[in-house]
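Just so you know, all these numbers are worked out from the coordinates, no wet-lab data involved. No experiment lies behind these values; they were computed from the predicted model shown. No Cβ is skipped: glycine too gets one built from the backbone with ideal geometry, and neighbour counts run over all protein chains shown.
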Amino acid sequence: MPVMQIRIIRKFANFINDVDLSRVQVGDVITVPVRSAEMLIAEGWAVAQDARRDGDSRATNHASARSSTVLVVDDDLSMQGLLTLRLNARGYEVESAASADEAIGLLNTRTFDAIVLDVRMPGRSGLDVLRFIRRTEKLRNVPVLLLTGATLSPDEEAIVEVYPAYIFYKQENLEEFDIYLDRLTGHSSAQL
């Protein structure tokens, strides 16, 4: 059964999907089945724990060959954590950012096979990051998947027309998200 490390950010019930959490405290990092982790993250009780940030050199995915590297940019830490968890479980290496400025900093120092951007964030938007990507020679051809919870405004649609990206509506089934990203990166879940 696939498992995932999560960090608890709010106290909750003692049992979730038959997992005993009675001794867990806020801030603890625990390993739970992926389905339980997805539920805890979606409900805002936990965030995905990126082992690499804690100096842990173990791989966070199951791919035996070089995995596709994805940057996930979302100011909603629950959504960011859910996507990170989901992508790690499917064999992707994931880096995350909570703001446009943090994302641009990572894009200046790292290489990614795909970028997932939330459209609407406080301060600079995901569309500002999209402009930066399409205007930067080394990033110009990196696939970008825009996440939005609402219909794009005419101004936002005009930006996407000038700076191409794929659009995924958060209300859609996450299996569709998986298919989009696999196609954009050439990633095969068969490597899991």
note = When 157, 137 are ranked with the fewest other C-beta atoms within 10 Å first, the list becomes 137, 157
query = Among 138, 170, which comes first, second and so on when ranked by fewest other beta-carbon atoms within 10 Å?
reply = 138, 170
Residues of segment 119-140 with amide N under 14 Å of a point placed 7 Å along Cα→Cβ from residue 101 = 122-125
ask   = Can you run phi through the Karplus equation (6.51, -1.76, 1.60; θ = phi - 60°) for segment 105-112 and list ³J(HN,Hα) in whole Hz, with x for Gly and Pro?
value = x, 5, 5, 6, 10, 10, 10, 10
message = If I model a spin label as a point 7 Å beyond the Cα along the Cα-Cβ vector, how far apart are those points for residue 173 and residue 28 in nm?
response = 3.6 nm
